[in-house]
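What follows is a short report on a single structure.
The values are calculated or read from the model by the stated rules, or taken from the named source; none is laboratory data. This is a predicted model, so every value here is computed, not measured. Here the Cβ positions follow ideal geometry from the backbone for every residue, glycine too, while neighbour counts run over all protein chains shown.
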Amino acid sequence: MIFQEPMTSPNPLHSIGRQIIESLDIHTSLSRADQKTRVLELLSLVGLDNLKDRMDAFPHELSGGQRQRVMIAMALACDPDVLIADEPTTALDVTVQAQVLELLVDIQKKTGMAILLITHDLTIVQSIAHRIAVMKNGELVETGTVKSVFAKPKHDYTKMLMSATPSGKARPLPKTSKTIIEADNLRLWYPKGKNFWGKTTSHVKAVNDVSLSVKEGETLGIVGESGSGKSTLGFSIVRLLNPKGKIVFMGQEIASLPERDVKPLRKDMQIVFQDPFGSLSPRMSVAEIIAEGLLVHNASLSKDRRDQMVVEAMKKVHLDPATRHRFPHEFSGGQRQRISIARALILKPKLIVMDEPTSALDMSVQSEVVDLLRDLQEKEKLSYIFISHDLRVVKALSHRVMVMKDGEVVEQGPVQKIFKNPQTDYTQRLIKAAFDVKVA
């Protein structure tokens, strides 16, 4: 089985190589040498050739997409007869998504393996499935061949799912909009290899000489394959990491500031993390989670006033305030993502970095979240740095787009220009994979 959550499913205490070998140990009689050869084959199959010399790497050292591919390799290790794939492409970029789908179809043809594919992405269903079953509230509301259901859906819920694609475009910026943040020549390298004396001999260039700027009320979309440095760049911008280079936020240089001086600025720059469940404390109620920032940045507020602000924040993201005393596990993935957005909004920030905020959401909820973010941006004059591998969402929300590969910017410009006339082969490949998913 391929589990849905790549951020928490891998064992954090074991290397990726050991985790893939584990099932080979239990279910095969392969020698150590043959096991290692099989692991290398699997890593190549799922598009992780760059990790062949990093089999001792741990899950936290990989991107979300890389972790998902490791999970797929683990599931395929023993050539199963039946593969249950629960959202197998959720955390994958569009090019790797196409590769993984081709991989699954190819293995199915060679081995006769049956696949039970669970997904919210109807594009994938249309490209890979033979039959489709539509579920709502624990019940099947419609079944049939993919061709017949997509050509003529019968149930209203099926029709709604098929029409729920993120659409529209970012609202025009006022000409008087001021630059709220700009970064010049950001660089964040991680040591990769060391010599006999422990001196670093090579680096992973997660972010390499990247420059950007964002205006008030603007959305900058950052796209690229898994491991291209998108999230690392986002974390660097809000100083969750310490890059080299220059960052000017609201007229103040912050890249060289010590943490104690950055802390007061955090109320003006917030982040919504990729994993809507893992980023919410399971021991805190929703009210406590949303109000936590107020305790840090506005401790003088009374308890009643904090509660009132929590209610207001929940209403902004279309959550019922009566549910604020519940815990995160009592909410759906879409609701948990709204809680994360409410937590960021309550401090009235100027900038929000959004790291894959829609990757775990079904199509209908994606459309709702995109509309919500667009409305909040207009009302609050928010600036977004929107990190995503879903180019359909980026196109619907962004004013400008930055394309990253291997830690560097390969192309950037206005969203319509990038999508209509991409200049680099890499960008062309990303757009083609996003809007024209076809698997033979």
Determine whether the range 309-332 contains at least one residue that is in a helix (DSSP H, G or I), at pLDDT below 90 and closer than 30 Å to Val125 by Cβ. no
Restricting the first residue to the range 314-343 and requiring it to be assigned by TED's automatic domain parsing to the domain that holds Leu280, which pairs with a second residue that is hydrophobic (A, V, I, L, M, F, W, C) and surrounded by fewer than 14 Cβ atoms within 10 Å (Cβ to Cβ) meet a Cβ separation below 7 Å and a spacing of at least six or different chains? none
Are there any pairs, at least 6 apart or on different chains, whose C-beta atoms fall under 7 Å, with the first in the range 169-180 and more than 12 Å from Gln377 (Cβ to Cβ) and surrounded by fewer than 13 Cβ atoms within 10 Å (Cβ to Cβ) and the second modelled with pLDDT of 85 or more and not aromatic (Phe, Trp, Tyr), and if so, which? Lys178/Lys215; Lys178/Glu216
Total residues in the range 234-262, condition outside any loop (DSSP other than H, G, I, E, B) and more than 27 Å from the chain's Cα centre (by Cα): 4
Considering residues that are closer than 14 Å to Gln335 by Cα and surrounded by 16 or more Cβ atoms within 10 Å (Cβ to Cβ), the number found within the range 288-320 is 7
Looking across the range 339-360 at residues that are of a type in the set (Lys, Arg) and farther than 21 Å from Ala322 by Cα, the single one that is farthest from the chain's Cα centre (by Cα) is Lys348
Out of the residues in the range 333-359 that are of a type in the set (A, V, I, L, M, F, W, C) and under 29 Å from Gln97 (Cα atoms), state the one that is modelled with the lowest pLDDT. Ile341
Restricting to the range 218-246, count the residues that are small (Gly, Ala, Ser) and either in contact with a helix residue (DSSP H, G or I) (Cβ under 6 Å, 6 or more places away or on another chain) or not assigned by TED's automatic domain parsing to the domain that holds Pro191 (or both). 4
